[in-house]
Amino acid sequence: MDLLDSLVAKGLAGEQPTRDEALAVLASGDDELLDVVAAAGRLPRHYFGRRVKLNYLVNLKSGLCPEDCSYCSQRLGSKAEILKYTWLKPEQAAEAARAGVAGGAKRVCLVASGRGPTDRDVERVADTIAAIKEADERVEICACLGLLSDGQADRLREAGVHAYNHNLNTSENTYGDICSTHDFADRVDTVQQAQSAGLSACSGLIAGMGESDADLVDVVFALRELNPDSVPVNFLIPFEGTPLAKEWNLTPQRCLRILAMVRFVFPDVEVRIAGGREVHLRTLQPLALHLANSIFLGDYLTSEGQAGQADLDMIADAGFTVEGADEATLPRDRAEAAVVRRRGAGTDLPPNA
């Protein structure tokens, strides 16, 4: 396909596809699927080799969220049968993190339900980071605590947070359909606050909420404008007891096309297959490793992933290797930009930044 040749050439040059090209990837047929995967797969091989970065999620505080995000089992009014608890103690969170690191995880993602953290919550997270770093200084810490207030991103960076996750989730035009307690602009603002504080931005989307192809392209292009260093792609798990419980409209083939489109838009960025991969990609998960260079190891917030050893076996069987703690994730040009944001202009790039 001429389209795929053009997209590969653009990606290798670090250029972005047009909206029409992105839409064409999503509209491609199943007969073309392997060609699409093979073409998009050239980009991560070029920029990342055959390495897969492992991330491990620690749910610091579960349920009882005052926000009404329709996709979330922890939302206000959720009837989903999930575990609910208040803040884990630092030693409890550190113990959970050690299990992930022992399994090969390079990044630990600390997540807490709620609209956003109080200053006391930020201090709790700082204590947890200290406990995790005591065991292994090299572990990357990503925090996902909701909407940030002034100064909180700076405090998190000072505490040892490397990255901040806050997803845009869906297009600006449809955001009001999934949430009424905050809006798209609030999410953009939090990502920008994190970046301004020198944190690595981690921001992505959720596919499968009834959105159109145009919505998917809109949110991915909005993400591109924010220029995050990592883009998690979640596939909706329709929890019973939430408004989107009946949205079972993804197929493995659709998921692969979405991942390919994201990769063409973000050729040199860490693209992560996140929630729902086991449910929706199923036996085609190994093909997705040719499109993304990052996955979560083990379980998610309120849903189970496949066993960690099964993830490691899948990576090895597909011909990939686990990225080591001392290996740089991003290509050098992006890594240099990230270091400048994190430490200020004029900062030299360390060997393993």
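See the values below:
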item	result
Top-ranked residue of region 256-279 - restricted to ones that are within 25 Å of Ala307 (Cα to Cα) and more than 15 Å from the chain's Cα centre (by Cα), ranked as modelled with the highest pLDDT	Leu256
Asp215, sole failed condition from (1) closer than 21 Å to Phe296 by Cβ; (2) more than 14 Å from the chain's Cα centre (by Cα); (3) not aromatic (Phe, Trp, Tyr)	(1)
Count - residues of region 1-21 that are of a type in the set (Gly, Ala, Ser) and touching a Leu at 6+ places or on another chain (Cβ under 8 Å)	1
From the options Pro17, Pro44, residue that is more than 26 Å from Lys246 (Cα to Cα), touching a residue at least 60 places away in the same chain (Cβ under 8 Å), part of a helix (DSSP H, G or I) and not aliphatic (A, V, I, L, M)	Pro44
Scope region 74-95; condition touching a residue at least 40 places away in the same chain (Cβ under 8 Å), out of contact with any Pro (no Cβ under 6 Å at 6 or more places or on another chain) and among the aliphatic types (A, V, I, L, M); matching residues	Ala80, Ile82, Leu83, Leu88, Ala94
Considering residues of region 47-85 that are more than 16 Å from Leu244 (Cβ to Cβ) and of a type in the set (Ser, Thr, Tyr) only, the residue nearest to the chain's Cα centre (by Cα)	Tyr56
Strands (runs of 3 or more DSSP E) contained in region 116-235 and holding at least 2 residues buried (at least 20 other Cβ atoms within 10 Å of the Cβ), at pLDDT 95 or above and hydrophobic (A, V, I, L, M, F, W, C)	140-144, 200-202, 205-207, 230-235
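The values are calculated or read from the model by the stated rules, or taken from the named source; none is laboratory data. This structure is a prediction, so every number in the text was calculated from the model and none was measured. As a convention, Cβ positions derive from the backbone with ideal geometry for all residues, glycine included, and neighbour counts pool all protein chains shown.
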